[in-house]
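Inspection log for the structure reproduced underneath, given as structure tokens.
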Amino acid sequence: RERGADVFRLLANEFGHPQEHAQDHFDKGLAALIADGILVSDGESVRIVSARDLRLYAHVLRGFIESYRIAARSLRALLKGPMAPKDLVKRALAVGEPMYVEGEVGREAVAAPFIQNAFATFVSLGYVVQRDQKYELPESYASQDALATIEARIAAYSSRD
């Protein structure tokens, strides 16, 4: 449940949901999956009824999550200094291409609109600061290790199987 709410918080800019209500949105999403017959609940636990349909939903979400992973990896460019948003998006697309070729992400993840939304989310989460129309890293995230942790957190929500 908490993991699902974390994904909702991460993807809040994609679906127009306020991050602070992530748990409520997760509960509504869970109720919708139960109403659609994809999941069944006995009040204490939830069981998958239609794995095929659930995989379809997971595939759609995976594309968004993988875009955010590309954006997270591209934040390393900010270790050299601030960048204009459009330049960071270009950098992210360049980072995403080899990730796609290597099978780390799907083709749909290398998409400028999703990556732009990822950066907006990163600003709201405090991973990035926007100042003077440029993105920069706050001191708390201005290291390779901190950026690797952000990417690892996002990657943990995605599975290629």
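The values are calculated or read from the model by the stated rules, or taken from the named source; none is laboratory data. As the structure is a prediction and not an experimental result, all values here were calculated from the model. When we count neighbours, we look across all protein chains shown, and the Cβ atoms used for this are built from the backbone with ideal geometry, even at glycine. Only protein heavy atoms, including side chains, enter the accessible area calculation; ligands, DNA and RNA are left aside. Shrake-Rupley method; radii C 1.70, N 1.55, O 1.52, S 1.80 Å.
Each peptide among 144-150, 38-44 gets the average number of other Cβ atoms lying within 10 Å of its residues, and from highest to lowest they stand as 144-150, 38-44. Computed on the chain, with alpha-carbon pairs under 8 angstrom and 6+ residues apart, the relative contact order is 24 percent.
In region 47-161, taking the dipole from charged Cβ atoms about the Cα centre, the farthest positive-side position among PRO82, PHE64, ALA148 is held by PHE64.
Peptide packing for 129-141, 67-79 was compared via the average number of neighbouring C-beta atoms within 10 Å per residue; ordered from the highest value, the list is 67-79, 129-141. Summing +1 for each Lys or Arg and -1 for each Asp or Glu among the other residues whose beta-carbon sits under 12 angstrom from that of GLY29 gives -1. Calculated accessible area for the chain comes out at 57 Å² per residue, all protein chains present (probe 1.4 Å; ligands, DNA, RNA ignored). Quick one: angle between helix 85-101 and the longest Cα principal axis of the chain, in degrees between 0 and 90, rounded to 10, please. Helix 85-101 and the main axis of the chain meet at about 60 degrees. Straight-line reach from LYS80: taking Cα to Cα under 19 Å and skipping same-chain neighbours fewer than 8 places apart, the aspartates and glutamates in range are ASP132, GLU136, GLU139, ASP145, GLU151. For the chain, the square roots of the Cα gyration tensor eigenvalues, ordered a ≥ b ≥ c, give a/c of at least 1.5 with a/b greater than b/c, which places it in the prolate category. Would you work out the Kirkwood radius for region 77-160? I mean one over the mean of 1/r across all pairs of different Cα atoms, in Å. The answer is 13.4 Å.
Computed from the Cβ-Cβ distance with R0 of 25 Å, the FRET efficiency linking VAL123 to ALA148 stands at 0.80. Model label sites at LEU79 and ALA35, defined 7 Å from Cα along the beta-carbon direction, differ in position by 4.7 nm. Nonpolar atom fraction for region 1-99, defined as the carbon and sulfur part of the 1.4 Å probe accessible area, stands at 56 percent.
With a simple spin-label model that places each label point 7 Å from the Cα along the Cα-to-Cβ direction, the separation between ARG1 and GLN23 comes to 0.8 nm.
With a simple spin-label model that places each label point 7 Å from the Cα along the Cα-to-Cβ direction, the separation between ARG107 and ALA58 comes to 2.2 nm. Largest GNM mean-square fluctuation across VAL89, VAL128, VAL60, computed for the chain with C-alpha springs under 10 Å, falls on VAL60.
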